[in-house]
1. Can you tell me how many residues within the range A:291-305 are in contact (Cβ under 8 Å) with a residue 12 or more places away in the chain and part of a helix (DSSP H, G or I)?
2. Pick from C:9, C:47, C:15: which is hydrophobic (A, V, I, L, M, F, W, C) and at pLDDT 50 or above?
3. Could you please give the count of residues in the range B:266-292 that are surrounded by fewer than 20 Cβ atoms within 10 Å (Cβ to Cβ) and either modelled with pLDDT under 95 or more than 10 Å from chain C (Cβ to nearest Cβ) (or both)?
4. Residue C:179 fails exactly one of the following numbered conditions: (1) at pLDDT 95 or above; (2) surrounded by fewer than 22 Cβ atoms within 10 Å (Cβ to Cβ); (3) in a helix (DSSP H, G or I). What is the number of that condition?
5. Give the residue, chosen from B:462, B:427, B:404, that is under 27 Å from residue B:52 (Cβ atoms), surrounded by fewer than 22 Cβ atoms within 10 Å (Cβ to Cβ) and touching a Lys or Arg at 6+ places or on another chain (Cβ under 8 Å).
6. When the residues of the range B:196-219 are filtered to those that are within 9 Å of chain C (Cβ to nearest Cβ) and under 13 Å from residue B:249 (Cβ atoms), which remaining residue is surrounded by the fewest Cβ atoms within 10 Å (Cβ to Cβ)?
7. Looking at (1) in contact with a Phe, Trp or Tyr (Cβ under 6 Å, 6 or more places away or on another chain); (2) β-branched (Val, Ile, Thr); (3) more than 9 Å from chain B (Cβ to nearest Cβ), which one does residue C:124 not meet, given that it meets all the others?
8. Tell me whether the range C:54-73 contains one or more residues that are part of a loop (DSSP other than H, G, I, E, B) and within 27 Å of the chain's Cα centre (by Cα).
Amino acid sequence: MKFTIKILAFLMLGLSTLSTYGQQVSKPVRGTFALTNATIETITNGSVQGTLVIENGNISAIGPNVAIPPDAKVVDCSGLFVYPGLIDGGTQLGLVEVSSVSLTADANEIGDIKPEMQALTAVNPNATAIPVTRVEGVTTTLVAPVGGTIPGTASLINLVGYTPDQMFAGFKGVVVNYPSAGRRGRRDRRTDEERKKQEEKQLKKLNDLWDNLSLYHKLDSAAKAGSGEDLDYNPKMEALLPVIRGEMPILLEVNQASAIESAIKWVGEKKVKAIFTGVAEGWRVADKIAAANIPVVTGPVFSMPTRTSDRYDTPYANAGKMHKAGVKVAIRSNDTENVRNLPYNAGFAAAYGMGKEAALKAVTIVPAEIFGVADRLGSLEKGKSATLFVTDGDPFETKTHVKHLFIDGWNVPLDSRHIRLYNEFLERSPGLEK
Amino acid sequence: MKKHPTLFGLICLLVIPSFLWAQTNNDELRPVTRTYALTQANIVTEPGKMIEGATIVIKDGLISAIGKNVKIPIDAQVLKADSMYIYAGFIEGLSHTGIPKAEAQSGRGGRGGGPQAPQVKDPGSPPNDLAGITPEKNLAASLKPSDKSIADMRKLGFTAANVVPNGQMLPGQGALVLLHGDNADKMILKDQTAFFSQLVGARRMYPATVIAVIAKWRELYRQAELAQAHEKAYKKSPGGMSRPSYDPVLQAFYPVINKEQSVFMKASDIKSAYRALSLQKEFDLPMVIAELKQGWHVADELSKRDIPVLLSMDLPEDKKGKGGKKGGKKGDAKKEEAKKEDPFKAEREALEKRKMKALKEHWTQAGNMEKAGVIFGFSTLDVKSKDVKANLRKMIENGLSEDAALAALTTTPAKMLGVSDMLGTVAAGKIANLVVTDQPYFEEKSNVRYVFVEGNKFEFEAKKPAKKSDHNAKVVVAGKWTYSFEAMGQNMDGILELVDNDGDISGSITNTAMGNKSTIETAELNGNELSFSIKIDGGGQTVMIEYNLVIEGDNMEGTVSAGQFGTFDLEGERIGTPNK
Amino acid sequence: MKKIINSILFTCVALSLFGQLDKGDILIKNGTVITITNGVLEETDVLIQNGKITRIGKNLRTPSGTKEVDATGMHVMPGIIDAHSHIAIDAVNEATNPVTAEVFTGDAINPLDISIYRALAGGVTSSHAMHGSANAIGGQCETIKHHYGSYNPEDLRMVGAPRTIKFALGENPMRVHGEGRGIQPRTRMGVEQVFRKAFSEAKVYMKAWEKYNNEKNTNPKASAPEYSYRLQTLADILTGDVIIHCHSYRADEILMLMNVCKDFGIKRLCFQHVNEGFKVAPELAEFGATASVFADWWAYKFEVYYSTAYNASILTRNGVVTSINSDSGELIRHLYHEAGKTQRYGDLSDNEALSLITINPAKQLGVEDRIGSLEVGKDGDVAIFKGHPLSVYAIPQMTIVDGIVRFDINMDPADVRMDVNPEEDLPAFFLEVKEYDNCMQGVHHQHLFFHRH
């Protein structure tokens, strides 16, 4: 009780600061822009030296000699590089404000099977971490709930907007944690046998759920066709209907090699559209994932080897090994407040075998394709969303700085609390004197 | 219907009031004489020395004579020991033998198994007894003469044990205990044999971690040094001086400080061994490192610094070798088919190789200690008594000489504990602690036939081969049988009544402890194999107990299984014919 | 007086139990040598003999019997130092009491910890194996050298490194003791009083011993005061023998501890984490306190909510000796990359950024005369990189500790476990969940009210 009050106090303090803060970051503006003299890294069509024009939120032209609209604000990008906005294929950004203050953490609802939980509902557009993330070039993130066998439904969002709907970037998927007998963190004290038992129990639960879902789907189709009874309110089944109809993929979190193999079979049996996430031991079974043609969102690259006998660099090399085996690999940070480290995750994957080109694709066009939004995001092409950033160098290098940022056509100021604190305190005034 | 406790509950009940059983021993036959002569035996007087075809005379608890032509006293019971081997009784260098298990679990080891941590008001400075700091505690209070572990170890040839209480950092004083008797005080041959210490913290109170345990060690040692100096000065001339405070914990350190008593430090793994060695060096402590399991890294150091050790008799097993395919239960079901194209075959093989190497290191530890010239005995804190002999053999197979093994069981611990003039060798005048076997002890098929503890004889049957099941045999099952089995260290017995109606077996079974009768179900006789089950109902939970027995004449033996509680060996005997 | 007290005292400096560890000879040829203290030297050789750097120069002659390493096209830098980690120790928190100055992580060194090898594979040769932050005054910490491969914990101690002790402010001690047990401190006010009380009692203790030592030779009736390892350790802090490393986040509490230290005459003070250090950078600089920070961790609890990734840069620009630490078995593997982030967040120069993981942590641990730069006479601790170490594409190639190669990417045996469980067929799969607050390791769950996810 006492503790709850304390948390509430924390929360109120946090929220009041947040709301004032939301107004503190300067406003994005929309309009017509021409980024001139730039090196444009299109991802899909190579590198172009020239101009990129933004109109009505979209890229209207790219090329060495394009006409600059008269109303365009010209941004001289001499010596600078333009990249499509980076897409993080798995985060809790916006769902969690301060992770230790539980009432500011909205990623993990009570229950084990809860596909009806919508991440998009709980995304806080004014989360302090959102500007902190986007100013480093990460413009689009998958926001996923966690916890339980089915934590909920994840959404892809663009990191600009005042409402979740404005931020929604056109993809949703149901998150499923595939049962595994692996240990979960150093506090997992379950014995081998307990874990194994729980894995079997969970898998049975998942299979039972699917049986129910098939039945629900059949009865629902009949009801909708007018040849059956209306069904009782069943939010879990409703949320899963698009999955069984093949309209929505599941994001199947699976990490241990044996679990990956089992999951490949499961996906085949259930005939669901699946995206594998996590996939820490994907390198052990990369050929099988490739053969099953299941796309992968892997990461964080900055994580520990999963077995004490593994080479020290297995997590760095994992993405590259799967890529070489022919798996479609995107990279995620799986972070909340430090999603800004996505480019470095990709950089390490690049260095440890994936190569720069594939690593860059793994945070741009590949996740866009996996999430079915490649018509809007993931590369710099005429007609696509103007979601891009301008740098003075390689976007994976820490030395590089982001110079300009556009998300969905909005020119977003390079402003965040971190930057504001820097500006205020670099040379504090008053200094030592009173 | 009456509700019965579950077997588990029953066993818990049994563990506590076991004095009830002690009373039933009143009508046990007393030995007629305590003078014995074992004739025509091979007497291994000490490691490497054997007198063949000799006689040994035991009188008044002592060895009174040994030799080829000794006179056999008139009151002696003569035991023909032709072709048998006689050794000095074995000594456990450090053990918890005779300490009831329930107390043994109060240490930190068993996760969830032990009792709850006691609640203290200020976990930052708890009272010493709760913090596991009781170095002054005498053993006698913890010793239970009827504890089954005493008979278990004795059966293997152990006749004395340096027993220490259970606990955490400083559980208390060790005592050399003779493994026979019904009075704890009288069983103690020598008191204050060990200042027992472990790098084990208290539960959720100071010192909880190994770093606090070591810090506390330092502080207590320094405090004790000062307290002893103060006491000495005060004794000399108390006038005008502040009174030294009475502190039994610090006083218990004095013999260690004065190098009159050794610290027996339990240090099984390599890290603990190094920590123990650091502490030894820091205070120049008289120390024995006990229950050592990974000592090969420090063998040379131990030898150089003349630090004696007690090696653990607990050895890891090759699980794969034993349980067939058990090893493959890693969640890789259907492994067999995958194996052919397993791209990680090389990795698996390398891992297997490392595991085998690690096993070998454990198995060769004793042999390597011998080679390095380390003084070592054995401790039995962790080993299960049923594994002792097999593990000794494993050590010998892996490089330990039989003489060194015997020395580690006899002369070395006797010396370590300062009782070489009483125990450790077979010599006239010494306490008659002996073990007599039908073949050399370390042979696989050897059987212990007699054990003498201070001249008291314990006789054992040679292990007979297990009864063979025979589906063509014809046996009579009907009748009244007594049965007994041991479950979790306690005897369970009762009466089994069987009725045979032309092959249709029915009946009932009682259990003395439960005081109830259960109807047997699903009884089936196949040749000489009888199986049946009973159900006991405890608090809404039905526990199925299954019996699988082989009958031979008026004897039966087999197993009783109580699901998750385990499977136990059962023996029975017919005591009456059925009333038709 | 100090001397006399020390005469009856245990000193926790290493005892060099089992003789000297082997020191190596090696010649690193033709690399781009980043000395840290003396610029970058192209095509230069570094000669290590008997574990010490004996020469740095061009075209050095290879002494006979000395191993040669060709570093052409590689970057050669001092071994990286982590001023805050919890690897290689078996106990982190003695969380039973708000003051546990007497405990010492050096008593629980775990040379078998595979994290040591993984740190070496990131160029890290030394680390500060710290007590946790459950207590306002935690335990003493050990500065270790990453001699992975030796089973003897003594071989990991950095002999001669000054003693250090962990303090902690804010949420952690408040949560464990105040909220967890209902004893002080429950607030930041209470935390201050824990220090003032502890130091005041230590002063009384010192005085009592001083009195006893002064009269014991002349007065046969004098009896010694009760010995307290805890108070003695606190007294050693007051006399300057022990450097305080204080877990801290908020500006107010940072100022508080500096005030306490001023009042008790304590000068050697390094703040750990110190997420709001940037707010009081001028005060830190004036005091002479140093700061060991995360590159970018924030928002995982309330007291780090108002943080900025520009912290290290602001502190550096304000003249505070600053380091970047890991506090994590994962981050310690790429501290060079963590340091690189200060170039995005605050434009530190290459040398400033690399100083954050070399000479600056060495200063904070009081070992800057031994490690932290490539200079003749210093320890032969070297990290060799392919690519500039601040580049995200840099790959550590070889790591040398006291002249001994402890990591070589070309001879990486994959399975480097030192302790193999003989009853386990395959090492278990273990997905490490990213966990903040590694400083709270070992603290019983009932005291951790938050669960990340």
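1. 1
2. Sole residue among the options that is hydrophobic (A, V, I, L, M, F, W, C) and at pLDDT 50 or above: C:47.
3. Result for the range B:266-292: 2.
4. (1)
5. Matching residue, one of B:462, B:427, B:404: B:462.
6. For the range B:196-219, the residue satisfying everything is B:219.
7. (1)
8. Looking through the range C:54-73, none of the residues is part of a loop (DSSP other than H, G, I, E, B) and within 27 Å of the chain's Cα centre (by Cα).
The values are calculated or read from the model by the stated rules, or taken from the named source; none is laboratory data. If you're wondering where the values come from, they're calculated on a predicted model, not measured in any experiment. As a convention, Cβ positions derive from the backbone with ideal geometry for all residues, glycine included, and neighbour counts pool all protein chains shown.
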